[in-house]
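For reference, the structure discussed in these notes is given below.
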Amino acid sequence: MSTSLTTNPATGTWLQRIDAGVRAAFQDHHSAVFQRISRLLTTLIFASIFFTVMDTVASFREQYSVYLDIVEWVLVGIFTVEYLLNIYTAPDRKAYVLGVWGIIDLISVLPSYANLGNIAGLKVLRQLRILRFMRILRILKLARGVTQQLGETKNAEANVRMNLTIYGVSLFTVIMISSTLMYFAEHLNEGTQFTSIPQAMWWSVVTITTVGYGDMYPATVAGRLVAAVTMFAGLCLFAVLFNVVGKVLMKALFGQGDLDSTTHADPAAAPVAAAKAGTAGNCACGRGLAADWRLCPHCGLLVN
């Protein structure tokens, strides 16, 4: 559930106005500046994911290594500022820092800073490049934002679009996380075909859609565990897709009404209802219908 803070940047001293503006930008989900910041961060998240993925392609890395490093540090700097401002503006700072989203925000930038120093305690962290994939988990914040908007949307057509958006974000997230994990699990194996994350993405799509070409398959125990989880995630995504498609069909056939809102007429009044079959809100089968339904869900007759 989204929160809405009462902030008035036009009052108080200039420091108070800046403070109110920053809080509105990061905590007031209904403010225009919050929407603009969210769109900007969404774009940067996708850019971060793209360059993280392309960094695993050897030819691309060799040709654009300087540019990749520059872009990475620019994005890391922006995400670090966002993390610090989220701490500053959070109603409960401890809850944010120790919460799921705060931890994801921290881990998405921490490995990059670990690479700067030669601290002995951070050598292991620098070697675990897999931690850089945690930046990809930031896309889950997109799903959280869409879910919050869905809870505030009353219009049925907008809800359908929101459900489709949530499914698309979920599918993209599963593909990215599974392919990234599979790459790190398999890329050091001799003769592997998982030579980059884009290569692993093809395997992920084939696995999630249950096509199973068999042209790429994991050989390590870690890779097989990732594959098993990906298969179950694909089944869950199919269930979500069927639910979304079902809602789209219900809207197309019956309008914006909800099946749960149907009222059943008294069976004794069926003859009367039959005489009024052509009037809105009634059907020849004697069941009451919502005013915007175009097809009776009980008998299948068209409503005139």
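No lab work stands behind these numbers, since they all come straight from the coordinates. From a predicted model like this one, the values you see are computed outputs, not experimental measurements. Cβ placement follows ideal geometry from the backbone for every residue including glycine, while neighbour counts extend to all protein chains displayed.
So if each residue of separation counts as 0.36 nm, and I subtract the Cα-Cα distance between Phe46 and Tyr213, what length gain in nm does that give?
57.2 nm
Going from the residue with the fewest nearby Cβ atoms within 10 Å to the one with the most, Thr207, Thr173, Thr56 rank Thr173, Thr56, Thr207.
The modelled label-to-label distance for the pair Asp69/Met231, using points 7 Å beyond Cα in the direction of Cβ, is 4.3 nm. Is the shape of the stretch 153-247 best called rounded, prolate or oblate, per the rule: a/c under 1.5 gives rounded, else a/b larger than b/c gives prolate, else oblate, with a ≥ b ≥ c the square roots of the Cα gyration tensor eigenvalues? Note, shape of the stretch 153-247 comes out prolate.
Could you tell me the relative contact order of the stretch 153-247? Use alpha-carbon pairs under 8 Å, at least six residues apart, and round to a whole percent. Show your work: numbers first, answer last.
Numbers: 80 pairs, mean separation 29.9, N = 95.
Once divided by the residue count of the stretch 153-247, the mean separation gives 32 percent.
Each of Phe242, Phe194, Phe51 was scored by other Cβ atoms within 10 Å of its Cβ. Arranged with the fewest first, they read Phe242, Phe51, Phe194. Ranked for footprinting exposure by Cβ neighbours inside 10 Å, fewest first, Met176, Met182 give Met176, Met182.
Using 0.36 nm times the number of residues separating Trp14 and Glu190, minus their current alpha carbon distance, what extension gain do you get?
Values: separation 176, 0.36 × 176 = 63.36 nm, distance 6.16 nm.
Taking Trp14 through Glu190 to full extension adds about 57.2 nm, to one decimal.
With Cα atoms defining each centre, the stretch 173-188 and the stretch 25-86 are spaced 20 Å apart in the structure.
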